[in-house]
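Inspection log for the structure reproduced underneath, given as structure tokens.
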Amino acid sequence: MLTHQMWMVADQCNLTCTYCYFETGEYSYTPSRLTASDYDRWLRRCTSHLPVRSVALTGGEPLLRPDLVELAAVARRHVDMVRVFTNAVRVTDEIAEELARVGCSADVSIDHVSPDAADQVRGGTKATLAGIERLDAAGVPLQIVMVVTSLNWREVEELVRRARDRTWQVELLAVSVPSRHPLSMSTLTHAERTELLRVIDESADVFKSRVYFERLRHFLTAGRISMIRSCVTGQEGVFVNSDGEIWVCAHRGDMSLGNIRDVSLPELLAGKGAVLARRPAGPCASTGCLSLT
């Protein structure tokens, strides 16, 4: 029930992606944050009674926290798999080396693979690409995450080529905007969709999650997002927001299961069981979810 955990460790971001749910008003940032000691005490309590296999550090942009490496080290003290979800803009050589030393992997979000691209959606591409290179040089295992839009879909093939050359993994997400939005892939012609389908069908070897691969194919062929029938994180894990409130997942924040500072594990597990009994984790049609394992 607590096996996979996502921690929203930062409550702000240094980019303004127009398709991000924080930018579009679906969620609001919370004003407070936890300390490394809070997370350490929380994981010590969890792992003394239950298995915790993975922790994902996300935001906002987690590297806006000056203690991000310390948070990662705390998680690695208790858990074998720790992932940092970042746009890599703030990655320095020192940060990359420290994350490698701690033993983290990084999931880096990009819009473009060319530093000279018309960076219309969020900015920061040159800095992100430089951050990827620093992480790679330090030996941090990388997964590159691209939200595919009408503006960047032609760059998927180049991303896959680089991933094969550098042993990176790739996730491609269908952009979460209305079909009439200029970024929507619904604006692609039949020939353009066919070309993108060819590219992703020839790229299956670099995709970490077969679920995301199939969902993107379904979107291109059917014009809508397919349902996630079962969510591993929702069933077996939790989402912790930046003030410590615990949810079943990031998209189900309507009911808190308690706060990591003071909730008892029996209370938390009973509350989660009751929430899932009323509404199981999945089916879900969210396009913005990165929780699948």
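The values are calculated or read from the model by the stated rules, or taken from the named source; none is laboratory data. This one's a predicted model, so the numbers in the text were calculated from it and none came from an experiment. Methodologically, a virtual Cβ is constructed for each residue, glycine included, from the backbone with ideal geometry; neighbour enumeration extends over all protein chains shown. Ligands, DNA and RNA are stripped out before the accessible areas are found, and what is left, the full protein with its side chains, is counted by its heavy atoms. Shrake-Rupley method; radii C 1.70, N 1.55, O 1.52, S 1.80 Å.
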task = Kindly report, to the nearest 10 Å², the accessible surface of Trp247 as traced by a 1.4 Å probe over protein heavy atoms only.
result = 40
request  = Using only Cα atoms, find the angle between the long axis of helix 36-47 and the longest principal axis of the chain, and express it within 0 to 90 degrees, rounded to the nearest 10.
outcome  = 80
key: 33 Å tail of the calculated P(r), the chain, as % of Cα pairs   = 21
ask   = Any idea what angle helix 156-166 forms with the longest principal axis of the chain, computed on alpha-carbon atoms, 0 to 90 degrees, nearest 10?
value = 60
key: the chain, dipole about Cα centre (Lys/Arg Cβ +1, Asp/Glu Cβ -1), debye to the nearest 20   = 860
message = If I build a Gaussian network model for the chain, linking alpha-carbon pairs within less than 10 angstrom, which residue out of Gln143, Gln120, Gln169 has the largest mean-square fluctuation?
response = Gln120
remark   = Taking every alpha carbon pair in segment 1-159 and sorting the distances into 5 angstrom bins from 0 up to the bin holding the longest one, the percent per bin comes out as 2, 9, 17, 21, 19, 16, 10, 5, 2, 0, 0
ask   = Helix 125-138 sits at what angle to the longest principal axis of the chain, using alpha carbons and giving 0 to 90 degrees rounded to 10?
value = 60
ask   = With every protein chain kept in the model, how would you rank Ser184, Ser114 by accessible area, 1.4 Å probe, largest at the top?
value = Ser114, Ser184
query = Ranked by accessible surface with a 1.4 Å probe, highest first, in what order do Thr149, Thr18 come?
reply = Thr18, Thr149
query = If you line up the Cα atoms of segment 101-166 on their principal axes, what length do they span on each, largest first, in Å?
reply = 37, 22, 17
key: Mean residue ellipticity (222 nm) of the chain, computed from DSSP H runs ≥ 4 via -39,500 (n - 2.57), nearest 500   = -11000 deg cm²/dmol
request  = Rounded, prolate or oblate: pick one for segment 55-104, where a ≥ b ≥ c are the square roots of the eigenvalues of its C-alpha gyration tensor, a/c under 1.5 means rounded, and failing that, prolate if a/b is larger than b/c, else oblate.
outcome  = oblate
query = Which of the listed residues, Ala270, Ser242, Val55, is farthest toward the dipole's positive end in the chain, when Lys, Arg count +1 and Asp, Glu count -1 at the beta-carbon?
reply = Ala270
